[in-house]
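Working notes for the structure below.
The values are calculated or read from the model by the stated rules, or taken from the named source; none is laboratory data. Since this is a predicted model, take the numbers as computed values, not measurements. Because the Cβ atoms are built from the backbone with ideal geometry, glycine has one as well, and the counts that use them run over all protein chains shown. Calculation scope for accessible area: heavy atoms of the full protein, side chains included, ligands and nucleic acids excluded. Shrake-Rupley method; radii C 1.70, N 1.55, O 1.52, S 1.80 Å.
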Amino acid sequence: MKKIAIVQSNYIPWKGYFDMIAAVDEFILYDDMQFTKNDWRNRNLIKTPQGVQWLTVPVGQNINRRIRDVRLPDSRWQSKHWKSLASNYRRAPHFAEMAEWLEPLYLSETYTHLSQMNRRFIEAVCDFLGIRTVIRCSSEYTLTQGKTERLADLCIQANGTEYISGPAAKAYIEGGVFADHGIGLTWFDYAGYPEYPQLWGEFTHNVTILDLLFNCGRESHRFMKHIPV
């Protein structure tokens with residue numbers, strides 16, 4: 001059995017995103033999809049003394065692009081984002097440990113495209129968490145027409161036998177298409193995450209995974225569902 005998930009790349013995603021990566025054998029970054037403005041593709045939330053705050057990567061005004069075609073106009077955001085992370089998480093117990101590998105991603109590397117940058121951060125977090133799932137891009141495959149048909153065909157090309165989907169896709173996925181190809185369809189469950197020690201007031205789950213890593217370090221797996229111990 002080979003489990004497949006197909007999801008757009010996000011900027012420093014929340015913990016549930018990485019749990020889904022860990023739960024499958026191959027994770028396909030679906031960056032041939034249309035870029036959507038004010039979404040998770042180029043921004044995420046951190047906690048601050050003033051409440052949650054967006055970190056947004058500037059990508060220009062044109063939204064009529066595939067995610068993988070979105071270029072990053074300049075690199076000034078990198079130092080700004082690191083400064084925001086450092087100022088708000090420096091008191092966290094594991095800030096120094098995380099900064100050893102995270103700071104160079106912001107201050108020493110160059111990114112030309114949103115997809116490239118998102119994948120770099122995603123793979124770095126996976127490496128820290130010990131996630132060994134194969135990560136590929138949808139552009140490495142042949143893409144067919146139709147929302148569900150394309151997903152099923154990607155699973156076939158990847159030799160997948162089960163497709164793992166986020167629950168939001170129930171609104172448009174046609175389960176019969178997967179059944180016709182002998183592919184199982186499973187809905188990923190994001191419910192039931194325990195709270196963890198968190199800075200700055202009332203607890204919230206809906207922030208970047210960096211919040212968990214800064215606060216819990218190597219113990220982060222205890223507050224997730226599918227991360228190897």
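Tabulated data
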quantity: Rounded to 10°, Cα long-axis angle of helix 114-129 versus longest principal axis of the chain; calculated: 80
quantity: Charged-residue dipole, Cβ positions (Lys, Arg, Asp, Glu), the stretch 1-40 about Cα centre, Debye nearest 20; calculated: 120
quantity: Relative contact order for the chain, counting Cα pairs under 8 Å that sit 6 or more residues apart, in percent; calculated: 31
quantity: With every protein chain in place, the stretch 38-148: carbon and sulfur % of accessible area (1.4 Å); calculated: 47
quantity: For the stretch 121-168 and the stretch 1-80, distance of Cα centres in Å; calculated: 15
quantity: Normalised contact order of the stretch 152-229, rounded percent, pairs of Cα under 8 Å and 6 or more residues apart; calculated: 24
quantity: For the chain, projected area of the alpha-carbon convex hull averaged over all directions, nm²; calculated: 12.5
quantity: Nearest-ten-degree value, helix 147-157 long axis tilted from longest Cα axis of the chain; calculated: 90
quantity: The chain, dipole about Cα centre (Lys/Arg Cβ +1, Asp/Glu Cβ -1), debye to the nearest 20; calculated: 600
quantity: The chain, accessible area per residue, ligands and nucleic acids excluded (1.4 Å, Å²); calculated: 48
quantity: Charge sum, other residues only, whose C-beta stays under 9 Å from Met224's C-beta, Lys/Arg counted +1 and Asp/Glu -1; calculated: +2
quantity: Three-way shape call for the stretch 1-63 based on the alpha-carbon gyration tensor, with the a/c threshold at 1.5; calculated: oblate
quantity: Contour minus Cα-Cα distance for Lys147 and Ala171 (0.36 nm per residue); calculated: 7.5 nm
quantity: Gain on full stretching of the segment that runs from Thr161 to Arg91 - 0.36 nm per residue minus C-alpha separation; calculated: 20.7 nm
quantity: Kirkwood Rh, angstrom, the stretch 73-207 [1 / mean 1/r, Cα pairs]; calculated: 18.4
quantity: Computed label-point distance, nm, for sites Thr204 and Thr48 using a 7 Å Cα→Cβ extension; calculated: 1.2
quantity: Over the chain: helical MRE at 222 nm, DSSP H runs n ≥ 4 each giving -39500 (n - 2.57), nearest 500; calculated: -10000 deg cm²/dmol
quantity: Probe 1.4 Å - accessible area at Tyr190, Å² to nearest ten; calculated: 70
quantity: Hits among lysines - C-alpha to C-alpha of Lys2 under 30 Å, sequence gap 8 or more where chains match; calculated: Lys15, Lys147, Lys170, Lys225
quantity: Area accessible to solvent at Trp187, 1.4 Å probe radius, in Å²; calculated: 80
quantity: Accessible surface, 1.4 Å probe, highest first, among residues Lys80, Lys2; calculated: Lys80, Lys2
quantity: Among Ser84, Ser9, Leu212 the positive-end extreme of the charge dipole of the chain (Cβ point charges); calculated: Ser84
